[in-house]
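Worksheet: one structure, shown below.
The values are calculated or read from the model by the stated rules, or taken from the named source; none is laboratory data. Nothing here was measured: the structure is a model prediction, and the numbers come from that model. Here the Cβ positions follow ideal geometry from the backbone for every residue, glycine too, while neighbour counts run over all protein chains shown.
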Amino acid sequence: MNITRRDLFKMAGVAAVGAAVGQFTTQPVEAAHGKKILKLNAAPIVGSKNVTGQKFSGTAAKVYFTEKIDTPHLIKLYNKINGEIFGKVGIKLHTGEPQGPNILPRDMVRTFQAQVPNSNIIETNTLYNGARYTTEGHLETLKTNGWTFCPVDIMDANGGVNLPVKGGKHLQEVTMGKTLVDYDSVIVLTHFKGHAMGGFGGSLKNIAIGMASGQVGKVQVHGYKLAEMPPPGSTWFDGVSMPLKEEFMERMADSGKATCDFFGKRIVFLNVMRRMSVDCDCAGVGAAEPTCADVGILASNDILAIDQACCDLVWTANDTKDLRERIESRHGLRQLSAMAELKMGNPQYELIGID
């Protein structure tokens, strides 16, 4: 298989603009960082803005929020959600392509990781033929990007492990990195940003693609059939296709459900909304420069609620036109509704400021 990152982005670019977006609800806002965000110094705002247009009632998940993007606030947020975290802990992080300008700050992650006993970073190799395609190349990239302060477990270095997808829309099982099952708990530490195929990359993308093994699981999630793969030396487009838009989002939800079901309450989510390029960190130095201001950090025990809240904050801001267009053109909001249909979490939430 010889899939390049450029091939992936080229294929993703054919997705047509779509995805109906709900209108803003009437909620208090205040100026911050040159844009408007949800006002958090009053009572928590429930279901602040539902960009999927679906109606919900009943309970609300807790999503904690701060505008301050620094280590003390990251740790403070984590302490709100870590009640079930124990034992050997994997921190799922997108460590990025060489010299990627938008990856999470190493110093912030280093200090955070030091506060989590018996923890290390977990990653998997890529499907596209880039710097992290092989374990050897991946290890060199980790050094280049400064991820040397703790062990980094490339979970598929020695193969994969199949996790079942209960009630999946397209997948019955997904092959994850082999050592994923060696962990008692997982912290999903995500750089929230755009994504060439998914529209946005939040907590779901971080585990759905980021934990799948590079040469098997990622093929399953993307919807390729191994029999269709071209011989070495030919291009990716020779007889190979992948589903985009709604089906790709549903496949990501299937994959994310496998991991969430396996860990149960022993998985938590932190989304950092900074340097939100329309491109994923897999684009490396080729990622588009962000055109919107940083927003803050969110934390939750609920994967759907936290990704929903991040999208709501994107739609609430007045400088996120490019990011909204990326999400809409790829039908990225289908990630949220697919997770709701798979009962992976609660789309209604309380956004609770911690400052």
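Tabulated values for the structure
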{"quantity": "Pick from region 143-171, criterion among the polar types (S, T, N, Q) and assigned to a loop (DSSP other than H, G, I, E, B), ranking: nearest to the chain's Cα centre (by Cα)", "calculated": "ASN145"}
{"quantity": "Which numbered condition GLY87 fails, given (1) under 19 Å from the mean Cα position of the chain (by Cα); (2) modelled with pLDDT of 95 or more; (3) not charged (D, E, K, R)", "calculated": "(1)"}
{"quantity": "Top-ranked residue of region 186-206 - restricted to ones that are of a type in the set (A, V, I, L, M, F, W, C) and within 20 Å of ARG106 (Cα to Cα), ranked as farthest from the chain's Cα centre (by Cα)", "calculated": "VAL186"}
{"quantity": "Filter result for the condition that a residue is in contact with a helix residue (DSSP H, G or I) (Cβ under 9 Å, 6 or more places away or on another chain) and buried (at least 20 other Cβ atoms within 10 Å of the Cβ), over THR124, THR71, THR141, THR111", "calculated": "THR124"}
{"quantity": "Any hit, region 250-267, residues being within 30 Å of VAL89 (Cβ to Cβ), outside any helix (DSSP H, G or I) and modelled with pLDDT of 95 or more", "calculated": "yes"}
{"quantity": "Enumeration of residues in region 240-271 that are within 24 Å of PHE86 (Cβ to Cβ) and of a type in the set (A, V, I, L, M, F, W, C)", "calculated": "ALA258, CYS260, PHE262, PHE263, ILE267, VAL268, PHE269, LEU270"}
{"quantity": "Which numbered condition ASP302 misses (of (1) buried (at least 23 other Cβ atoms within 10 Å of the Cβ); (2) under 24 Å from ARG106 (Cα atoms))", "calculated": "(2)"}
